[in-house]
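Let me begin by presenting the structure, written as structure tokens, before commenting on it.
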Amino acid sequence: MNNSQLVSLFYIVALFALLYFLMIRPQQQRQKKHQQMLKNLQVNDRVITIGGIYGTIVKIKEDSVILRLADNVRVEFLKSAISQVIQPGDTEPNE
């Protein structure tokens, strides 16, 4: 291999390393954090779904949760549809 081929190979390896650290790794960390949040869901937690619906967890099943949206209004959502949990002191949702 001559010098120009080594430089080209180095640039390709550096590009993939940059791609990994700027795109792939942060996405994996967000996904891991979301899975942990779903695992820690509890009854009476206030949540927001991916569709922007606010509700309170009434019952937790294996793959779904039942949310109370209003008085006498209960809807079942997949756990994966929960975007975030609203902490009691929060006035606005976290990003």
Just one listed residue, out of 61, 79, 39, is touching an Asp or Glu at 6+ places or on another chain (Cβ under 7 Å) and either charged (D, E, K, R) or exposed (fewer than 12 other Cβ atoms within 10 Å of the Cβ) (or both), and it is 79
(1) surrounded by 10 or more Cβ atoms within 10 Å (Cβ to Cβ); (2) under 23 Å from residue 89 (Cα atoms) all hold for residue 44 apart from (1)
Per the list (1) farther than 15 Å from residue 81 by Cβ; (2) within 17 Å of the chain's Cα centre (by Cα), residue check on residue 18 breaks on (2)
| message | Based on this model, can you work out whether residue 38 counts as without any contact (Cβ under 8 Å) to a residue 60 or more places away in the chain, at negative phi, in contact with a helix residue (DSSP H, G or I) (Cβ under 8 Å, 6 or more places away or on another chain) and part of a helix (DSSP H, G or I)? | response | yes
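Each reported figure results from applying straightforward, stated rules to the coordinates on display, with no laboratory input. Here the structure is a predicted model, which means the values were calculated and not measured. Cβ: placed from backbone, ideal geometry, glycine included. Neighbour counts: every protein chain shown.
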